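This report refers to the structure that appears directly beneath it.
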Amino acid sequence: MKALEGRNLGFHYAGGPVLFQNVNIHVGEGECAALTGPSGSGKSTLCYLLSGIIPRSVEGEVQGDVLLFGEDIKGLSLASTVKKVGVVFQNPDSQLFSPTVEDEIAFGPENLCLPREEIGRRIGAALEAVNMSSYRLASPETLSGGQKYLIALSAVLALEPGALIFDEVFSQLDPQYTRLIKETIISQKKNGKAVLMVEHDAENLDIADRIYRMDGGCVREVSL
């Protein structure tokens, strides 16, 4: 099944030029697709569209349709959307606000009004998925850059979305944490999650099943 799908997507920010148009892209369950292309081509903006950040939190003119597991995103509430797709951004500090790792990961499930026992279960499972269980009571401010990425990812995993979007997360990571994130992506894919990752470095495309290239306002699928 197609987990993430954009049909004939086009977008421009309020008062700005058209960034892209007639874009068609999809990622199936249990699949990892990579999105490549030059800086400024609109890759992050496309991710924001596919995750509902645009137009919910960012103004602009949108054409086309975004479907999450076959449902039009325009008809989904915020709570329904975050249970279907989660985003890990390039800068983990933009996602970490709480005094402890535990509080950080609990924030999303708490806002979904889940029972306390379920929240605790999700915290434990999310930390275990990124091998960070021993940091449960640590302050995010004391963590290394790579560890912050893992906690930002675990906070997304705690929402148990069926699709994950990684926006250039490897660009600031050393080889150790690049390997850990890639292993987590592979594990999530094996568990049936759909993964879309924005990536420049060809060395990190080895985990992708398909590759899209964005350039000149268009997206096309290219050979591995």
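The values are calculated or read from the model by the stated rules, or taken from the named source; none is laboratory data. What you see is a predicted model, and the numbers here were worked out from it, not measured in a lab. Neighbour counts run over all protein chains shown; Cβ positions are idealised from the backbone, glycine included.
Just one of the listed residues (LYS148, LYS189) is touching a Cys at 6+ places or on another chain (Cβ under 6 Å) and among the basic types (Lys, Arg), and it is LYS189.
Here LEU9 does not qualify as within 12 Å of the chain's Cα centre (by Cα) and under 18 Å from VAL198 (Cα atoms). Within the stretch 111-137, the residues that satisfy the criterion of being assigned to a helix (DSSP H, G or I) and hydrophobic (A, V, I, L, M, F, W, C) are ILE119, ILE123, ALA125, ALA126, LEU127, ALA129.
When you look at SER77, is it over 22 Å from SER187 (Cα atoms) and surrounded by fewer than 19 Cβ atoms within 10 Å (Cβ to Cβ), yes or no? Against the criterion (over 22 Å from SER187 (Cα atoms) and surrounded by fewer than 19 Cβ atoms within 10 Å (Cβ to Cβ)), SER77 qualifies. Any residue at all in the stretch 64-74 that's under 24 Å from GLN188 (Cβ atoms), without any contact (Cβ under 8 Å) to a residue 24 or more places away in the chain and not acidic (Asp, Glu)? Scanning the stretch 64-74 turns up at least one residue that is under 24 Å from GLN188 (Cβ atoms), without any contact (Cβ under 8 Å) to a residue 24 or more places away in the chain and not acidic (Asp, Glu). Only one of the numbered conditions (1) at pLDDT 95 or above; (2) within 30 Å of VAL23 (Cβ to Cβ) is violated by ARG122, and that is (2). Within the stretch 138-155, does at least one residue satisfy the condition of being hydroxyl-bearing (Ser, Thr, Tyr), part of a helix (DSSP H, G or I), modelled with pLDDT under 95 and within 18 Å of PHE89 (Cβ to Cβ)? Yes.
So that you can scan it fast, the table gives a plain yes or no per residue for (1) within 23 Å of ALA208 (Cβ to Cβ); (2) surrounded by 13 or more Cβ atoms within 10 Å (Cβ to Cβ); (3) aromatic (Phe, Trp, Tyr):
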| site | (1), (2), (3) |
| --- | --- |
| VAL27 | yes, yes, no |
| ALA33 | yes, yes, no |
| LEU46 | yes, yes, no |
| VAL58 | no, yes, no |
| THR81 | no, yes, no |
| PRO92 | yes, yes, no |
| PRO99 | no, no, no |
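Selection of the stretch 177-199 for residues being among the basic types (Lys, Arg) and in contact (Cβ under 8 Å) with a residue 60 or more places away in the chain yields LYS189, LYS190, LYS193. Taking the stretch 153-162 as the range and being small (Gly, Ala, Ser) and crowded, with 24+ Cβ neighbours inside 10 Å as the test, the residues that pass are SER154, ALA155, ALA158. Taking the conditions (1) out of contact with any Pro (no Cβ under 8 Å at 6 or more places or on another chain); (2) in contact (Cβ under 8 Å) with a residue 60 or more places away in the chain in turn, ALA152 satisfies each one other than (1). Starting from residues that are farther than 22 Å from SER187 by Cβ and without any contact (Cβ under 8 Å) to a residue 12 or more places away in the chain, keep the ones in the stretch 112-144 and report whichever is surrounded by the most Cβ atoms within 10 Å (Cβ to Cβ). My answer is LEU114.
Exactly one residue out of ARG213, ARG220 is in contact (Cβ under 8 Å) with a residue 12 or more places away in the chain, closer than 30 Å to VAL18 by Cα, among the charged types (D, E, K, R) and in contact with a Lys or Arg (Cβ under 8 Å, 6 or more places away or on another chain): that is ARG213.
Within the bounds of the stretch 165-176, is there any residue that is over 24 Å from ALA208 (Cβ atoms) and either touching a residue at least 40 places away in the same chain (Cβ under 8 Å) or surrounded by fewer than 19 Cβ atoms within 10 Å (Cβ to Cβ) (or both)? No, the stretch 165-176 contains no residue that is over 24 Å from ALA208 (Cβ atoms) and either touching a residue at least 40 places away in the same chain (Cβ under 8 Å) or surrounded by fewer than 19 Cβ atoms within 10 Å (Cβ to Cβ) (or both). Against the list (1) buried (at least 20 other Cβ atoms within 10 Å of the Cβ); (2) more than 24 Å from GLN188 (Cβ to Cβ); (3) among the small types (Gly, Ala, Ser), the condition SER51 fails is (2).
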